[in-house]
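**Student:** To start, I am sharing the structure in question, which I have written as structure tokens.
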Amino acid sequence: MISSKSKEEIYNIIEKRKNMETPLMMILSDIQNKFGYIDLEVQQIVAEALNIPVSEIYGVVTFYSYFSLKPKGKYVISTCFGTACYVKGTQGIIDEFCNKLKIKPGETTEDGLFSIDILRCVGACSLAPVVTVNGKIYPHVKIADVDKIIKEYKDKEVLMNENS
Ligand code: FES
């Protein structure tokens with residue numbers, strides 16, 4: 001259940017964007033950025049405020065991989081599935097992340113730490129295949145690097161827990 005503070009933030013976003021030329025995409029992008037997901041409850045709030053069917057919003061949220069229906073993990077591993085990365089072996093890297101984390105693309109690990117996303121070209125084709133974690137770019141990734149990347153963030157968590 002969404003808090004009244006979050007509801008207010010959503011209404012503020014809608015108010016700010018509703019008179020734009022393509023308000024729905026702008027509103028959904030802002031909400032995704034702010035909360036990390038757009039579940040059915042949030043979709044209903046937006047639908048009522050804009051007076052459009054919730055099915056229209058659901059269609060947009062599920063069509064674009066940028067949007068997520070569920071909260072994402074603390075560390076979002078984004079694998080590029082653009083042509084250059086695909087040719088250089090992205091599929092094997094995605095499979096390795098999935099095997100190691102025991103989740104599929106679009107899912108989040110049970111401990112809430114990791115999600116795997118698949119993106120279209122991220123604009124760094126000369127570095128293919130590319131993986132990003134919360135925006136940090138890993139260039140020329142090999143299957144053997146997958147373990148190291150996951151470990152980097154697991155170690156970070158251990159360190160944070162020790163210092164808290
Ligand atoms: S195809 Fe992956 S960065 Fe362009």
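The values are calculated or read from the model by the stated rules, or taken from the named source; none is laboratory data. Predicted model only: the values in this text are computed from it and were never measured. Please note: Cβ atoms are built from the backbone with ideal geometry, for glycine as well, and neighbour counts cover all protein chains shown.
**Student:** Residues of region 118-146 being under 18 Å from Tyr66 (Cβ atoms), in a strand (DSSP E or B) and within 13 Å of the ligand (Cβ to nearest atom), which ones?
**Tutor:** Selection gives Ile118, Leu119, Val131, Thr132, Ile137.
**Student:** Hey, which of the helices (runs of 4 or more DSSP H) in region 17-105, taking only ones fully inside, have at least 1 residues that are of a type in the set (D, E, K, R) and touching a Ser or Thr at 6+ places or on another chain (Cβ under 9 Å)?
**Tutor:** 23-35
**Student:** List every residue pair whose Cβ atoms sit under 6 Å apart, with the two residues 6 or more apart in sequence or on different chains, where the first one lies in region 126-140 and is in contact (Cβ under 8 Å) with a residue 12 or more places away in the chain and the second, anywhere, is assigned to a strand (DSSP E or B) and within 8 Å of the ligand (Cβ to nearest atom).
**Tutor:** Val130/Cys80
Okay, residues lined up against (1) within 16 Å of the ligand (Cβ to nearest atom); (2) at pLDDT 95 or above:
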position	(1), (2)
Ser65	yes, no
Leu69	no, no
Gly73	no, no
Ile94	yes, yes
Lys104	no, no
Glu110	no, no
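**Student:** Give region 10-34 a look and list any residue that's aliphatic (A, V, I, L, M) and either at positive phi or without any contact (Cβ under 8 Å) to a residue 24 or more places away in the chain (or both), or say none.
**Tutor:** Within region 10-34, Ile13, Met20, Met26, Ile27, Ile31 qualify.
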